Amino acid sequence: MYLVIGANGFLGRYCIQSILEQTDENVTATARNIQNLENTGRVHWEKCDIALESEFDRLLSMIKEYDRIKVIFLAAYHNPDLVEANPSYAWDINVTALSRCLNKMPFVERLFYASTDSVYGDSIDHYHFKENDPLNPVNRYGRNKAAAEAVVRYLEFHVVRFPFLIGTSLVPGKRHFYDNIVENLTNGKTVEMFENSYRSSLHFHTAASLLIQLMEMPLREVPPILNVCGDRDLSKYDIGLLAAEKLQVPEKLIKPIKIFENDAVFKTKRAVSTVMDNTLVKKVLQVDTIEFEL
């Protein structure tokens, strides 16, 4: 059985889709609010706010009866601007609650924690960060995730570091950045996108599919920390051009801007470029390429 904690986010929904596509397993999916979330087929939704110990304990009492529990831990306080504005709450969710929850789960077969390229900080001269490189996050969110990784590894669970992820939202009533791009381009509206900030980006579906492939492997074959990312260094402007090509609209609708031109875009510092080396994950999965596709 798969347990997906924090399943009603963008990546969580794609993880559920990939589990159903790639395995015969049932899924217990958790969210803080399960109103309007219906159980369908092999997917069962449970209410669980990881900040509330009683709710997490109730969840554990329900799943302990199952054998071979595979956990994907996605619950986190993500937005760097909100993390900076609410540091105590962010720490409570991203580190304290995580530590408490994981410490109660020694019985699970395996647990993979979703981390981020933000733990590395800025890439100098397009250096591609490797899993064993020192961590140097530039903001509080990155430091939260680095601390969370330390907790995960102390308990001998697995860490997967994802890049910037993009794709159509599968969450009812919640739009992703990409959905706005598609709508604007389809309506002939200009879209501004950064040309000087690079990530080893992936589509949500590709990221989720690779994660499930890793989780289905014998644990002895999976390194404790992995960069799961694409081969190409892409700016958001590059991604915008790919979106324009896919939608068959003029490329001129994508307007390149620089990340420092508009201070109102971000309230807290971001790494300009964070590109990652994916040599290790390709070796583990025995694949030659990991492509970015919209």
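The values are calculated or read from the model by the stated rules, or taken from the named source; none is laboratory data. As the structure is a computational prediction, the values presented were derived from the model and not from experiment. Counting neighbours? That spans all protein chains shown, and the Cβs are built from the backbone with ideal geometry, glycine included.
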Positions within segment 274-290 being farther than 15 Å from ASP133 by Cβ and assigned to a loop (DSSP other than H, G, I, E, B), in sequence order: GLN286, VAL287, ASP288, THR289, ILE290
Unmet requirement for MET193, which otherwise passes all of (1) touching a Pro at 6+ places or on another chain (Cβ under 9 Å); (2) surrounded by fewer than 18 Cβ atoms within 10 Å (Cβ to Cβ); (3) of a type in the set (A, V, I, L, M, F, W, C): (2)
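Rundown of residues vs (1) in contact (Cβ under 8 Å) with a residue 40 or more places away in the chain; (2) over 21 Å from LEU234 (Cβ atoms), yes/no style:
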position	(1), (2)
PHE112	yes, yes
TYR127	yes, no
LYS130	yes, no
VAL138	yes, no
GLY142	yes, no
ALA150	no, yes
TYR154	no, yes
Near pairs, Cβ below 9 angstrom, 6+ apart or cross-chain, from segment 56-77 (over 18 Å from CYS15 (Cα atoms)) to any residue that is assigned to a loop (DSSP other than H, G, I, E, B) and among the aromatic types (Phe, Trp, Tyr): LEU60/PHE107; LYS64/PHE107
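Within segment 153-172, identify whether any single residue is in a loop (DSSP other than H, G, I, E, B) and in contact with a His (Cβ under 6 Å, 6 or more places away or on another chain), and answer yes or no. Give the derivation first.
So in segment 153-172, the residues in a loop (DSSP other than H, G, I, E, B) come out as 155-157, 163-164, 167-172.
Narrowing further to those that are in contact with a His (Cβ under 6 Å, 6 or more places away or on another chain): 167, 169.
Yes, that holds for at least one residue.
Of all helices (runs of 4 or more DSSP H) completely enclosed by segment 1-114, which ones contain at least 2 residues that are modelled with pLDDT under 95? Step through it out loud before you land on a result.
Working: elements: 10-22, 53-63, 80-85, 87-91, 98-103.
Of the helices (runs of 4 or more DSSP H) lying wholly inside segment 1-114, those with at least 2 residues that are modelled with pLDDT under 95 span 53-63, 80-85.
Go through segment 196-221 and give me each residue that's aliphatic (A, V, I, L, M) and buried (at least 20 other Cβ atoms within 10 Å of the Cβ). Even if it seems obvious, please write down each step before you answer.
Pass one, segment 196-221, residues aliphatic (A, V, I, L, M): 202, 207-208, 210-212, 214-215, 217, 219.
The answer is LEU202, ALA207, ALA208, LEU210, LEU211, ILE212, LEU214, MET215.
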